[in-house]
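Structure first, then comments.
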Amino acid sequence: MRKQWNRIGAGVALALAALAAGTAAFAAPKGTIVLGSTNSTSSHYTVSAAMVKAIKTGMPTANVSQIETGASVDNVRRLTKNEIDLGLIATDTGIQALTGTGPFAGGKAVDDLVALYAYDVSVLNVAVSQESKVASIKDLAGRKFNPGIRGSGAELLTREVFRTLGVEPAWVPGTVKDASEGIQNRQIVGYSKYGPGHGVDATLRELMVTTPMRLLGFDADQQAKVAGAIRGVSFTQIPDVMAGQPAVAAPAVLIVYGTRTSVMDDETAYAIAKAINENRQFLIEAWPHLKDFDFKAQALAAEKVGMKLHPGAKKYWDSVK
């Protein structure tokens, strides 16, 4: 009888060990954290490297790294495959993933997608060469135009904005490098790309050195149509960063780093949010405009536009005074 009970006890122990192992498979390894960022040519890739430093400083025993990805849409898909532990996600893309719309329609919703922290409000730079003679959004109808990094939130938003406005360019997808070379070689008239804060992306600034460019703005009617049709999108002013061009209104979205509750436990989420906030100087050194960014307020703002915070991260942000 004793031997029988020993066998039963051993069986129960093995079953519990298997259950624990199965549960652990759904949790982000506390010692290894992989960030999915964006294309290496983007300004956002630079600040994600600063995030790695911030998290390592706050979690000194963790092995933290970043990988180059296609940005928002690609990062959500990588999260579903457990290829990354957290990733850059524009909130409008995140809302579509949660609601099973856009590229996540047809049973592809990711209903446990959550944000850990917000780090910027990005503005959509819709830029064309002055030589193209394109002067408005409507002028892009039928013209060869790059909608953004393939699989990025900028590409998704660009296509949705133009569809909402009934304007159909001749889309030429590709990387930022492809777009820049295409503009310089006169193969396309322009491209779309998220810029940090209320300005323009580093790649556009570099392009402007050799090629006269123009930013296209959205009039009041276009702004109302887009804001009414696409959740999580507002409009902001891009100042007169180009010679001879006034400020223009452009779509803006909150940018977060997100994960899934099924792949990251509360303790890890809390620690990452805390590390980012307490070591945000690394991010500010990479992007000086973040010195005025309210990390707590913007993290909580993500929930207001429709993207929940991870319970562990929310616990941390609620504790910040």
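The values are calculated or read from the model by the stated rules, or taken from the named source; none is laboratory data. Because the structure is a prediction, the values reported are computed rather than measured. For neighbour counting, all protein chains shown are included, and Cβ atoms are generated from backbone atoms with ideal geometry for every residue, glycine included.
So, in segment 139-186, of the ones that are on the phi > 0 side of the Ramachandran plot and touching a residue at least 24 places away in the same chain (Cβ under 8 Å), which residue ends up surrounded by the fewest Cβ atoms within 10 Å (Cβ to Cβ)?
At the first step, the residues of segment 139-186 found to be on the phi > 0 side of the Ramachandran plot are 142, 148, 151, 166, 174, 186.
Adding the requirement that they be touching a residue at least 24 places away in the same chain (Cβ under 8 Å) leaves 142, 148, 151, 174, 186.
Details: G142: 10, G148: 29, G151: 21, G174: 18, R186: 12.
Filtering first and then ranking leaves G142.
Name, by its number, the condition in (1) under 15 Å from P103 (Cβ atoms); (2) of a type outside the set (A, V, I, L, M); (3) modelled with pLDDT under 95; (4) part of a helix (DSSP H, G or I) that does not hold for R163.
(3)
Which condition number does E131 fail, the rest of (1) in contact with a strand residue (DSSP E or B) (Cβ under 9 Å, 6 or more places away or on another chain); (2) at pLDDT 95 or above; (3) within 15 Å of Y191 (Cβ to Cβ) being met?
(1) is the only condition that E131 fails.
So which of A247, A202, A224 ends up being surrounded by fewer than 13 Cβ atoms within 10 Å (Cβ to Cβ) and in the same structural domain as K144 (by TED's automatic domain parsing)? Steps first, answer last, please.
Values: A247 fails: surrounded by fewer than 13 Cβ atoms within 10 Å (Cβ to Cβ); A202 fails: surrounded by fewer than 13 Cβ atoms within 10 Å (Cβ to Cβ).
Of A247, A202, A224, the one residue that is surrounded by fewer than 13 Cβ atoms within 10 Å (Cβ to Cβ) and in the same structural domain as K144 (by TED's automatic domain parsing) is A224.
Do we have A249 as of a type in the set (G, A, S) and in a helix (DSSP H, G or I) here? Lay out the reasoning, then the answer.
Numbers: of a type in the set (G, A, S): yes; in a helix (DSSP H, G or I): no.
For A249, the condition - of a type in the set (G, A, S) and in a helix (DSSP H, G or I) - is not met.
Going by the conditions given, is R150 within 17 Å of the chain's Cα centre (by Cα), basic (K, R), within 19 Å of S40 (Cα to Cα) and not assigned by TED's automatic domain parsing to the domain that holds T93? Let's see the steps before the verdict.
Numbers: within 17 Å of the chain's Cα centre (by Cα): yes; basic (K, R): yes; within 19 Å of S40 (Cα to Cα): yes; not assigned by TED's automatic domain parsing to the domain that holds T93: yes.
So R150 passes the test.
Looking at K296, K314, K304, K274 in this structure, which one is assigned by TED's automatic domain parsing to the domain that holds S72 and surrounded by fewer than 16 Cβ atoms within 10 Å (Cβ to Cβ)?
Working: K296 fails: surrounded by fewer than 16 Cβ atoms within 10 Å (Cβ to Cβ); K314 fails: surrounded by fewer than 16 Cβ atoms within 10 Å (Cβ to Cβ); K274 fails: surrounded by fewer than 16 Cβ atoms within 10 Å (Cβ to Cβ).
It is K304.
Taking interchain pairs and intrachain pairs at least six residues apart, which have beta carbon atoms under 8 angstrom, with the first residue in segment 43-66 and under 19 Å from L88 (Cα atoms) and at pLDDT 95 or above and the second of a type in the set (K, R) and assigned to a helix (DSSP H, G or I)?
V64/K56
Out of (1) under 18 Å from the mean Cα position of the chain (by Cα); (2) over 19 Å from I255 (Cβ atoms); (3) not aliphatic (A, V, I, L, M), what's the single condition that is false for R186?
(1)
Show me the strands (runs of 3 or more DSSP E) found entirely inside segment 44-129 where at least 1 residues are outside the structural domain of F293 (by TED's automatic domain parsing).
Values: elements: 63-67, 86-90, 113-129.
Output list reads 113-129.
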